[in-house]
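The values are calculated or read from the model by the stated rules, or taken from the named source; none is laboratory data. Computed from a prediction, not measured in an experiment: that's the story for all the values here. Neighbour counts are summed over all protein chains in view; Cβ atoms, including those assigned to glycine, are modelled from backbone coordinates with ideal geometry. Side chains included, ligands, DNA and RNA excluded: accessible areas come from the protein's heavy atoms. Shrake-Rupley method; radii C 1.70, N 1.55, O 1.52, S 1.80 Å.
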Amino acid sequence: AYPYKSPSIGFLNRIYHPNVDEMSGSVCLDVLNQSWSPMFDLSNIFEVFLPQLLLYPNPTDPLNEEAAALMMRDRNLYDQRVKEHSAKYAKSELEGRKQEDESSSDEISDDEYSSCEEEMTVHTDP
């Protein structure tokens, strides 16, 4: 029903953020859930709304209550936890596949490597 109904937005990687459900990746964003208008488009979501949400979390309306409570109680510890999650979960699909390839196969011919690299490039997130 898009653009008359808001799209569902979620993250594939785990994110430690008060307004993102850590397990499902669902996003709590008022413009998507309550004040959607067909005048908004996907570029508004990806270039304005999501960056604003990530930079300025709203811990008073959380999906991740633990992250919200930690953010309000100890901002330094919250920031540290965000960095830990980023280091642990925020790797590209390309990096993940390279690590899997290295551990599962010691020798890959140049032709095989080139075709794997091209395939992985197609599937990476922008």
Neighbours by Cβ (under 7 Å, 6+ apart or cross-chain): first from the stretch 65-93, touching a residue at least 12 places away in the same chain (Cβ under 8 Å); second assigned to a helix (DSSP H, G or I) and open to solvent by 70 Å² or more (accessible area, probe 1.4 Å): Glu93/His123
Residue, surrounded by the most Cβ atoms within 10 Å (Cβ to Cβ), within the stretch 4-19, restricted to residues that are within 14 Å of Pro51 (Cβ to Cβ) and touching a strand residue (DSSP E or B) at 6+ places or on another chain (Cβ under 8 Å): Asn19
Of all residues in the stretch 20-42 being open to solvent by 50 Å² or more (accessible area, probe 1.4 Å) and in a helix (DSSP H, G or I), the one that is farthest from Pro3 (Cα to Cα): Asp30
Residue count for the stretch 43-73, restricted to those that are hydroxyl-bearing (Ser, Thr, Tyr) and open to solvent by less than 70 Å² (accessible area, probe 1.4 Å): 1
Single condition Asn58 does not satisfy, out of (1) modelled with pLDDT of 90 or more; (2) assigned to a helix (DSSP H, G or I): (2)
Filter result (among the β-branched types (Val, Ile, Thr) and free of Cβ contacts under 8 Å to residues at least 40 places away in the same chain) within the stretch 6-64: Val27, Val31, Ile45, Val48, Thr60
